[in-house]
Amino acid sequence: MASERDIRNLVRRVVDGISSGEEVTQQGSIETETIAIGADHGGYALKERLIGHLRDQGYTVRDCGTNSPDSVDYPVFAQAVAELVSNGSCRWGVVVDGAGIGSSIAANKIPGIRAALCYDISSARNSREHNHANVLTLGASLIGEGLALQILDAWLATEWGPGRHARRVELITEIDNRTRRSS
C-alpha cells in the first residue's frame, strides 16, 4: 500500500508532466482545447479508446495514466486530472474507473472542480448546461464503449447555461471558496 507521501509525489509528477503518462498532441481546429484524462485499472481500456477518439477529433490530450490494467488506486488519477483542470493547464478533464463514483468524489475535493458522473447522454448535457461541469467521470464497468463515446461527445458539445444555471453555479463556487478559507 502506498503511503500518503508516495501518493502526493505521484500526483505531483503527473501534474508536472514527469510521469510515465504522455502528452499526446493532434493538430486540428480545436488544438488549444486540452483535455486531461486518467483512469484506474478498471477504466484503462476505455481510457485508451477515448484518447484515440479525442485525437481523431483534433483535441490535445494529456494522459495522466494509468498505463496498464494492473491494479492501482483511482483517487491518485482523479486528483491528477482535477489538478490540471483546476490550475488551468487543461480546459476539461475525464476520469474513468469501474463505476465512476469514487473518481467523481475524489475529483470534487480539488478547488474549482465540478466533476459529474454521467451515465447517459441526458446526464452529460445536464451536467454541462446546468452545473457547468468541468470534469466528466465514467464507469467503465457500467456503460459500454459506444455509449461512453456518445456521452463524451455530448458532454463536450454542450455549452454552459446562462441565467439561473450560472447563478446557481456561482452559489456552488461561493461554498467552495468559503470552505477553502475556513480550512
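General remarks:
- Solvent-free Debye scattering, log10 I(q)/I(0), computed from the Cα coordinates of region 74-138 at q = 0.18, 0.19, 0.22, 0.25 Å⁻¹: -0.53, -0.59, -0.78, -0.99
- Cα-based convex hull volume of region 129-181 per residue, rounded to whole Å³: 88
- For region 67-183, a crude dipole built from +1 on the beta carbon of Lys and Arg and -1 on the beta carbon of Asp and Glu, taken about the Cα centre, is about 620 debye to the nearest 20.
- Treating each Cα of region 47-183 as one equal point scatterer and applying the Debye formula with no solvent, the log10 of I(q)/I(0) at q = 0.12, 0.14, 0.20, 0.21 Å⁻¹ comes out as -0.45, -0.62, -1.26, -1.37.
- Fully extended contour minus Cα-Cα distance, from Glu159 to Glu145, at 0.36 nm per residue: 2.7 nm
- Selection from Cys90, Gly144, Trp160, by position along the positive dipole direction of region 25-180 (Cβ): Trp160
Bear in mind these aren't lab numbers, they're just calculated from the coordinates by the rules spelled out. On a predicted model such as this, the values are computed, not experimentally measured, just so you know. Note that we place each Cβ from the backbone using ideal geometry, even for glycine, and neighbour counts take in every protein chain shown.
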